[in-house]
Amino acid sequence: MEYVLESIRGDWQSFLRFGPRFIYGFLLLLVFLLAARFGGRLVANILERSAQFRSNAHFLQNLVTWAIAAIGILLSLGLMGFTGIATSLLATGGVVAIVLGFAFREIGENFLAGFFLTFSRPFEIDDLIKTGDLKGNVRSIELRYVHIRTFDACDVFVPSAQIFREPLYNYTRDGLRRPSFTVGVAYHDDPALAITLLEQAVRDTDGVLAEPQPYITVKEFAAQYIEYEVFFFLDLNLGKRGYNEISNEVMVNCWRALRDTGMTFSTDVTSGFEIISAPDLKVEMVTAQPRTEGA
């Protein structure tokens, strides 16, 4: 009986010594859990105000919340005296992370690439980009993929690792674009005059930038015509008119300039076909003289 009482007294003394550390650890855990919840909401509120990070606000909120909570759990276990459990959790977490990394390597690459894209931000929503052979407008940016809408209205979900790994072309980051088109003019028309007419038609189009200056190059001496390539620059951030509207007006103005001067040009420079107008046909009416009797 005395042995049992001594054991109970010893256990009670141990509990009294452990009680304060348990209370302190529990309070520390509550503080970290509250801080995790508050920190996650704070990060989400900050990111939702920015168009750049709004699409990833929910993920980053969870990331901050779980990170602060995990730190609180490890510190609480250490304060309570369970350092072995805390060390085991760290070691187990590392082993699990390595195993999952090998098992889901591609998924991990996409998430990691998406994480870096979140902060580097080489493009924004509605930007026109090209990655590999794919070209289209960005519809949404997620951690695992980027949603792109192509010109033929096809929705493509490109893995973030592919965009992060391959060269990326952003056509609308600063609004500056350089359209171009080719037109064929007959050899018997003066090339210097053709270049002057095309340059003037481009400059007179509303929406074309004066700097950088538009320019015309002689692209090729084809079989039946001379190919001229027209280059001009647009800043889509300056006006309300779009890329296609301004480009179409430039081409129409060039067509009018060549037509009004009487030049012979082809609407399809790949066909090798030269448009030549036939001369006007003149018809004269001749009135017959009446015959006289005896003539």
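From least to most packed, judged by other beta carbons within 10 angstrom and beginning with the fewest, 225, 24, 145 follow the order 24, 145, 225. Going from the residue with the fewest nearby Cβ atoms within 10 Å to the one with the most, 123, 151, 32 rank 151, 32, 123.
3J(HN,Hα) along the range 229-238, derived from phi through the Karplus expression 6.51 cos²θ - 1.76 cosθ + 1.60 where θ = phi - 60°, amounts to 10, 9, 10, 8, 10, 10, 10, 6, 8, 8 Hz, with x in place of Gly and Pro. As a rough footprinting exposure proxy, the listed residues 76, 180 were ranked by other beta carbons within 10 Å of their own, and the order from fewest upward is 180, 76. Tell me the relative contact order for the range 160-275 as a rounded percent, counting alpha carbon contacts under 8 Å between residues six or more apart. Rounded, it is 34 percent for the range 160-275.
For Cα pairs less than 8 Å apart in space and 6+ apart in sequence, what is the mean separation divided by the residue count of the range 117-181, i.e. the relative contact order in percent?
Relative contact order comes out at 30 percent.
Only the Cβ atoms of Lys and Arg (+1) and of Asp and Glu (-1) were treated as charged; on that basis the dipole of the range 176-266 about its Cα centre amounts to roughly 240 debye. Cα centroid separation, the range 196-271 to the range 134-175: 30 Å.
Read the figures in this text as sums done on the coordinates, not as results from a lab. Fair warning: this is a prediction, and the values are worked out from it, not measured in the lab. When we count neighbours, we look across all protein chains shown, and the Cβ atoms used for this are built from the backbone with ideal geometry, even at glycine.
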